Amino acid sequence: MWMLAERGLRLGLVVDLTDTDRYYDKDEIEGLCIQYQKISCPGRGFVERTECVSEFNKAIQDYIDKTDDEEALIGVHCTNGVNRSGYLICRFLIERLGWSSHEALDAFERARGYPIEKGSYVQALHKAAIDARNKRDLSDSDSEDHRRKSKKSKRKREKDEAASFSDSASQMGNIMQQFFAQLQGAHQAAESGNGSGYDGSPAQSGSYASPAQQHWAYQSKDMEGTEEMEHGAEQPQVKSTAQKRRDRRQRMKNMLSVMKRGRFHEIQEMQREFVARSGGAQ
């Protein structure tokens, strides 16, 4: 630590991997405002101790996430500072930073000045790198499958909504045709009874349109976005095709709702509006 201080470097964390407490007192480290982490790693069967890897990775990641001093160093040591230290450092580089085993081993050897000596540790690192790569590939594949399923589900939902609206529009159109056919008959009977000159016979001239036809012509003109009748010619309003479609759909829904409720005064009001519009169209 004194050598580091002479070089202007600071220790922020010391990770002790030895399986004993006889080398030094941790209070001496913490007394220098340096964090201390003890992870007991036995010499025998160390590679099989996966909990050592998990605890080491968590300790390093927690320190990196919480420290305010990004330039402070992390010191890792075991008895000789080569095999156990090198193994866990390489595991962190492989599993948390996505390095290959060769990259991690080469970086440790250049930084420490010595390679990891135990062949079983090196083989375990190569296997860990393969496992980490397979896990990442599987995660990427799952994410891609999820994206594909989401897109497919969205397309199906949009298709179902379009089909549902088409069915509703068709049903609405049929009901409205029946309604206005009845309304036309009532209107013709009323004109005959009032001596309006309409005798119920077919029109002699092709230029005459029935009240229902006049109504549909008026509705068609109104649905295509002509707002002069409602707002006045002095204040024209331009609507997008989508807005026209929404307005048309809403008017049809309102008319269907009135007919479905079956309230006499509401239907009468629709009839009066229809007769008024038919008279205005003539």
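The values are calculated or read from the model by the stated rules, or taken from the named source; none is laboratory data. On a predicted model such as this, the values are computed, not experimentally measured, just so you know. Ideal geometry is used to build each Cβ from the backbone, glycine not excepted, and the neighbour counts take in all protein chains shown.
Numbers for the structure displayed
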| read-out | value |
| --- | --- |
| Residue ID - nearest to the chain's Cα centre (by Cα), chosen from residues in the stretch 62-80 that are in a loop (DSSP other than H, G, I, E, B) and in contact (Cβ under 8 Å) with a residue 24 or more places away in the chain | Thr67 |
| Unique match (being modelled with pLDDT of 95 or more, over 16 Å from Ile39 (Cβ atoms) and of a type outside the set (S, T, N, Q)) among Glu71, Glu103 | Glu103 |
| Residue check, Lys58 among the basic types (Lys, Arg) and more than 23 Å from Arg136 (Cβ to Cβ) | no |
| Within the stretch 1-36, considering residues that are in contact with a Leu (Cβ under 9 Å, 6 or more places away or on another chain), farther than 16 Å from Asp69 by Cα and β-branched (Val, Ile, Thr), the one surrounded by the fewest Cβ atoms within 10 Å (Cβ to Cβ) | Ile29 |
| Verdict on Ser40 being loosely packed, with under 14 Cβ neighbours inside 10 Å and either assigned by TED's automatic domain parsing to the domain that holds Ala129 or in contact with a Lys or Arg (Cβ under 8 Å, 6 or more places away or on another chain) (or both) | yes |
| Test result for Ala59, in a helix (DSSP H, G or I) and either modelled with pLDDT under 95 or in contact with a Cys (Cβ under 8 Å, 6 or more places away or on another chain) (or both) | no |
| Scan of the stretch 4-41 for residues that are touching a helix residue (DSSP H, G or I) at 6+ places or on another chain (Cβ under 9 Å) and assigned to a loop (DSSP other than H, G, I, E, B), ordered by number | Leu9, Arg10, Leu17, Thr18, Ile39, Ser40, Cys41 |
